[in-house]
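The structure appears below as structure tokens.
The values are calculated or read from the model by the stated rules, or taken from the named source; none is laboratory data. Because the structure is predicted, anything quoted here is derived from the model rather than measured. Methodologically, a virtual Cβ is constructed for each residue, glycine included, from the backbone with ideal geometry; neighbour enumeration extends over all protein chains shown. The area values use the complete protein model at the heavy-atom level, side chains included, leaving out ligands, DNA and RNA. Shrake-Rupley method; radii C 1.70, N 1.55, O 1.52, S 1.80 Å.
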Amino acid sequence: MILSNKISVVIATLGGVQLQDTINSINTNTIIPFEILICIPIQESYNITFQLPDNVKICISETRGQVVQRLFGFSLARGEFIMQMDDDLVLESNTIELLLNSLISLPKNS
């Protein structure tokens, strides 16, 4: 596994147990993002009840709604590449590597 300082992941969520599986699948990939931004509305923040890895940051949104929460996360992301994910996805072990290699092979405007 390689920790990549180029990749940020933004997840809009309302919390819940499925989020833990999503985070675990990200952090066990062949390439691990240096930051995972969990964007959650303030009124739902109590729904994250599990221990978070060091590369996960909770970003409290004033507004509820996936589009607004994602936009908020994008504005805070520091990676050269930003990956947006739903909170209930479980990745295969090399998904991030495949996506990154595919994107790098495309023209710069991609």
State the number of residues belonging to the stretch 72-86 that are over 10 Å from the mean Cα position of the chain (by Cα), crowded, with 16+ Cβ neighbours inside 10 Å and either of a type in the set (S, T, N, Q) or within 18 Å of LEU99 (Cα to Cα) (or both). 2
Do you know which residues across the stretch 23-71 are open to solvent by 90 Å² or more (accessible area, probe 1.4 Å) and in contact with a Pro (Cβ under 9 Å, 6 or more places away or on another chain)? GLU62, ARG64
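Could we say that LEU89 is surrounded by fewer than 18 Cβ atoms within 10 Å (Cβ to Cβ) and under 13 Å from the mean Cα position of the chain (by Cα) here?
Working: surrounded by fewer than 18 Cβ atoms within 10 Å (Cβ to Cβ): yes; under 13 Å from the mean Cα position of the chain (by Cα): yes.
When the stated conditions are applied, LEU89 passes them.
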The residue from THR22, THR28, THR13 that alone is farther than 22 Å from LEU98 by Cβ and among the polar types (S, T, N, Q) is THR13
Report yes if VAL17 is out of contact with any helix residue (DSSP H, G or I) (no Cβ under 6 Å at 6 or more places or on another chain), over 18 Å from SER4 (Cβ atoms), surrounded by fewer than 17 Cβ atoms within 10 Å (Cβ to Cβ) and among the β-branched types (Val, Ile, Thr), otherwise no. yes
Do we have any residue at all in the stretch 21-39 that's of a type outside the set (Ser, Thr, Tyr), touching a helix residue (DSSP H, G or I) at 6+ places or on another chain (Cβ under 7 Å) and modelled with pLDDT under 90? no
